[in-house]
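The values are calculated or read from the model by the stated rules, or taken from the named source; none is laboratory data. Note that this is a predicted model, so its numbers are computed, not measured. Cβ placement follows ideal geometry from the backbone for every residue including glycine, while neighbour counts extend to all protein chains displayed. With ligands, DNA and RNA removed, areas are computed over all heavy atoms of the protein, side chains included. Shrake-Rupley method; radii C 1.70, N 1.55, O 1.52, S 1.80 Å.
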Amino acid sequence: ARNVRALRAASERGAAVAVASGRPWGFLHEVAEQLGVLRYAVLSNGAAVLDVCTGEWLYRNCISEETRQALTELLLEEGVPFEVYCEGESWIQRDRLEGVLTHTFSPEFQQVLQEHARFPADLNAALRGRLVEKFHVPPEGRKSLMERAAACGALEMVTSFAENLEFTAVGVNKGTAVQALSARLGLGPEQVMAFGDAGNDLEMLAWAGWSFAMANASAEAKKAARYETGSNAEGGVGMAVERWLLTE
């Protein structure tokens, strides 16, 4: 509630409020509804930027069709449960759903997956010709999988927390996407506040002039950020916005 109040007040003062997430837009509608003032969404670790109000894609750096097909075939061959984030939605081959659900963070997120993801019988066929933002894979056999995935084409491999592995196009990160959005808005790093807690936030935290690591953030996120704020459970985003943006 503290975050919501602070971000709404910031919006009233002219700030552009954005969410920067590893997730696709289909999983963030509830966040947008709670805030009521969300204008932009940096999605899939920075593979795409969406104007929430107009539906326009402002920036995209997606996996090539050839690499997407090769990686999909590899993961299916390996029997790995995985998600593909494509054009703002999560796609899961129907026969891999149970495996994906087993590795989700919570029962609540399992529900989100079941309600909002797409479940084609043939994932490779369903994705043909579409713009794929990210592959999300659980941790089993990570090292050998990374080595084999490297042969599929140009890919960036990153982890947001210890228990997952994510594949995107080369150069994808939240920092690059936030820079692209800021450039469109005519903003420099000194006019941007950013908040993060994990490995997929590092470039964004290093670039933004007012970057904050949450109190519960990883050590590397705290090193990348210029400042620290309260934890996510304490409304740490709201704390920083109140102190540095809403007061004279």
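Axis angle, to the nearest 10 degrees, between helix 107-116 and the longest C-alpha principal axis of the chain: 70 degrees.
Net charge of the neighbourhood of Gly14, taken over other residues with C-beta under 13 Å away and scored Lys/Arg +1, Asp/Glu -1, is +2. Note: relative contact order over the chain, using C-alpha pairs below 8 Å and six or more positions apart, is 18 percent. Compute for the range 26-94: radius of gyration divided by Kirkwood radius, i.e. Rg/Rh, restricted to C-alpha atoms, rounded to two decimals. Answer for the range 26-94: 1.05. With respect to the chain, whose longest principal axis is taken over its alpha-carbon atoms, helix 2-12 is tilted by about 70°.
Taking all C-alpha pairs of the range 198-237, those more than 11 Å from each other amount to 54 percent.
Along its first, second and third principal axes, ordered by size, the range 4-136 spans 52, 32, 18 Å in Cα coordinates. How tilted is helix 65-78 with respect to the longest principal axis of the chain? Cα atoms for both, answer in degrees (0 to 90, nearest 10). Roughly 70 degrees between the two axes. With the convex hull of its Cα atoms as the shape, the range 62-203 has an orientation-averaged projected area of 9.2 nm². Here the Kirkwood formula, the inverse mean of 1/r across different C-alpha pairs, assigns the chain a hydrodynamic radius of 18.6 Å.
Overall, the accessible surface of the range 165-248 at a probe of 1.4 angstrom is composed of carbon and sulfur to the extent of 52 percent. With an 8 Å cut-off on Cα pairs and a minimum separation of 6 or more residues, tell me the relative contact order of the range 13-130 in percent. Computed over the range 13-130, the figure is 22 percent. Here the Debye sum runs over all C-alpha atoms of the range 72-128 as equal scatterers in vacuum, and log10 of I(q)/I(0) at q = 0.12, 0.21, 0.29 Å⁻¹ comes out as -0.25, -0.76, -1.32. Overall shape: oblate for the range 170-224, with the ratio a/c of the largest to smallest alpha carbon gyration tensor axis at 1.5 or above and b/c at least equal to a/b.
With a cut-off of 11 Å between beta carbons, the residues surrounding Leu35 carry a summed charge of +1, where Lys and Arg count +1 and Asp and Glu -1. Between Glu77 and Lys223, the contour length at 0.36 nm per residue exceeds the Cα-Cα span by 48.7 nm. Take every Cα pair under 8 Å whose residues are at least 6 apart in sequence, average their separation, divide by the length of the range 1-68, and the relative contact order is 25 percent.
Ligands, DNA and RNA are left out, and with a 1.4 angstrom probe the accessible area of the range 1-115 is 47 Å² per residue.
Peptides 22-32, 228-238, 5-15 ranked from most to least packed, by the mean per-residue count of other Cβ atoms within 10 Å: 22-32, 228-238, 5-15. Excluding Ala206 itself, calculate the net charge of residues whose Cβ lies under 13 Å from the Cβ of Ala206, where each Lys or Arg counts +1 and each Asp or Glu counts -1. Once positives and negatives cancel, what remains is +1. Extension gain, Glu66 to Ala151: 0.36 nm times the residue separation minus the Cα-Cα distance gives 29.4 nm. Label sites at Thr54 and Ala183, each approximated as a point 7 angstrom past Cα along Cα to Cβ, lie 1.7 nm apart.
Per residue, the chain reaches -10500 deg cm²/dmol at 222 nm when only DSSP H runs of four or more residues are counted, each adding -39500 (n - 2.57).
Split the accessible area of the range 1-102 by element, probe 1.4 Å, and carbon with sulfur accounts for 44%. The alpha carbon gyration tensor of the range 133-248 gives principal lengths a ≥ b ≥ c with a/c of 1.5 or higher and a/b no greater than b/c, which makes the shape oblate. On the beta carbon distance between Arg128 and Arg243, with R0 = 35 Å, the FRET formula returns roughly 0.10. When DSSP beta bridges are restricted to pairs lying wholly in the range 94-248, around 50% turn out antiparallel.
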